[in-house]
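*Asks:* What follows is a structure written as structure tokens; I'll ask about it next.
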Amino acid sequence: MRNHGLVAFAASLAVAMTLCSCGGGTSASSVEESEPLPALTEAEVKQWIGGDDSFIGREATITGKVFSAEHSDDVYAFQVYTDPKNYSGNAIVYVRGDDPNIGSDSYIVATGTVMEDLEGENAFGGTVTAACLEASSIEEVSYIEAVSPTLQAFDAGMTAEQNGYSITLNKIEFAADETRFYVTLTNNGAGRLSVYDYNAVLLQNGKQFNVQSNYEADYPTINNELAVGGTIEGVICFPKVEQTNMQMQLRGYSDNWEADGGELSFTFDIAF
């Protein structure tokens with residue numbers, strides 16, 4: 001099994017740049033010519049990342065989060081978590097040519113040729129290895145595309161309004177690990193409006209779901225004080241739920257107590 005500790009990237013990358021390949025010099029051009037094999041399936045990619053070295057020369061596509069990036073001349077190399085939610089699945093992706101303008105903490109999709117493992121040292125001086133891909137293409141993608149793809153989407157187009165303060169539920173996205181509500185707040189009231197996503201609740205089939213924080217995603221938040229005449233957009237996340245009838249409730253507060261009485265309520269009855 002491959003050791004998935006972090007590779008000491010600078011030293012290992014220097015070796016990779018010198019050899020112009022990973023882990024000792026086997027490149028796509030040196031693989032014996034034969035009928036091209038099919039690209040790795042998702043299951044085979046997991047096997048390869050997990051330590052199976054029988055896929056050298058095959059095409060593979062990986063998705064992940066960059067946690068280290070280096071370059072030398074026209075070679076750009078990225079150390080990637082292919083399982084960013086669990087900070088695991090260590091791999092090295094390198095590409096030749098123009099600067100792809102991808103830095104640390106970016107999410108990427110890369111397609112290329114499986115190379116020999118790249119060997120290096122971790123922070124404790126131990127020897128570790130990482131899967132290695134010589135990429136023919138690399139693209140920066142969003143958190144959602146890389147980590148939490150949308151399985152189903154629903155265009156809601158619903159607005160709840162009270163005293164000139166309004167919240168529009170634009171759409172809902174259902175993913176394997178979360179449910180995303182895209183909302184727009186508009187303040188045409190008499191005072192400043194405060195709405196906080198952690199006050200939101202979702203009711204479905206008699207069960208209540210509270211907000212599920214996702215700091216890694218860095219979604220735009222509605223947790224701001226909104227001035228009169230202002231508009232703001234944000235995403236409210238809940239745990240995974242079914243695409244069946246539900247109700248979302250939000251509370252807001254106006255700082256013009258005399259005009260609005262302080263607390264405001266916004267309710268969305270969502271039918272499928």
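A short reminder: the numbers here are calculations on the coordinates, not readings from a lab. All of these numbers come straight from a predicted model, not from anything done at the bench. Here the Cβ positions follow ideal geometry from the backbone for every residue, glycine too, while neighbour counts run over all protein chains shown.
*Asks:* So if R0 is 25 Å, what FRET efficiency would Thr267 and Lys171 give, r being the distance between their Cβ atoms, rounded to the nearest 0.05? If you can, show how the numbers build up before the last one.
*Replies:* Working: r = 18 Å, r/R0 = 0.71.
For R0 = 25 Å, the calculated efficiency reads 0.90.
*Asks:* When the dipole is taken about the Cα centre of the range 144-272, and only Lys, Arg (+1) and Asp, Glu (-1) are charged at their Cβ, what size is it in debye, to the nearest 20?
*Replies:* Using only the charged Cβ atoms, the result is roughly 220 debye.
*Asks:* Among Val45, Val201, which comes first, second and so on when ranked by fewest other beta-carbon atoms within 10 Å?
*Replies:* Going from sparsest to densest Cβ surroundings: Val201, Val45.
*Asks:* How far apart, in nm, are two points set 7 Å out from the Cα along the Cα-to-Cβ line at Ser136 and at Gln47?
*Replies:* A separation of 2.2 nm, rounded to one decimal place.
*Asks:* Quick check for me: using +1 on Lys/Arg Cβ and -1 on Asp/Glu Cβ, what's the dipole size of the chain about its Cα centre, in debye to the nearest 20?
*Replies:* Magnitude of the dipole: close to 820 debye.
*Asks:* When the Kirkwood radius is taken over all Cα pairs of the range 142-272, what Stokes-Einstein diffusion coefficient follows at 20 °C and 1.002 mPa s, in µm²/s? Intermediate values should be presented prior to the final figure.
*Replies:* Working: Rh = 15.1 Å.
Once the numbers are plugged in, D ends up at 142 µm²/s.
*Asks:* Can you find, among Tyr107, Cys237, Val75, the residue sitting farthest towards the positive end of the charge dipole of the chain, where Lys and Arg contribute +1 and Asp and Glu -1 at Cβ?
*Replies:* About the Cα centre, the residue reaching furthest to the positive side is Cys237.
*Asks:* Return the FRET efficiency for the residue pair Lys207, Asp105: r is the Cβ-Cβ distance, R0 is 45 Å, and the value is rounded to the nearest 0.05.
*Replies:* Values: r = 35 Å, r/R0 = 0.79.
Once the sixth-power term is evaluated, E becomes 0.80.
*Asks:* Tell me the label-point distance for the pair Thr61, Asp73, using the 7 Å Cα-to-Cβ offset, in nm and rounded to one decimal.
*Replies:* Here the modelled spin labels are 3.1 nm apart.
*Asks:* Between Ala217 and Lys240, what is the label-point separation in nm under the 7 Å Cα-to-beta-carbon projection?
*Replies:* 1.4
*Asks:* Right, another one. Cross-link candidates for Lys171: which lysines have Cα within less than 16 Å, leaving aside residues fewer than 8 places away along the same chain?
*Replies:* Answer for Lys171, where 16 Å is the Cα cut-off: Lys240, listed by chain and number.
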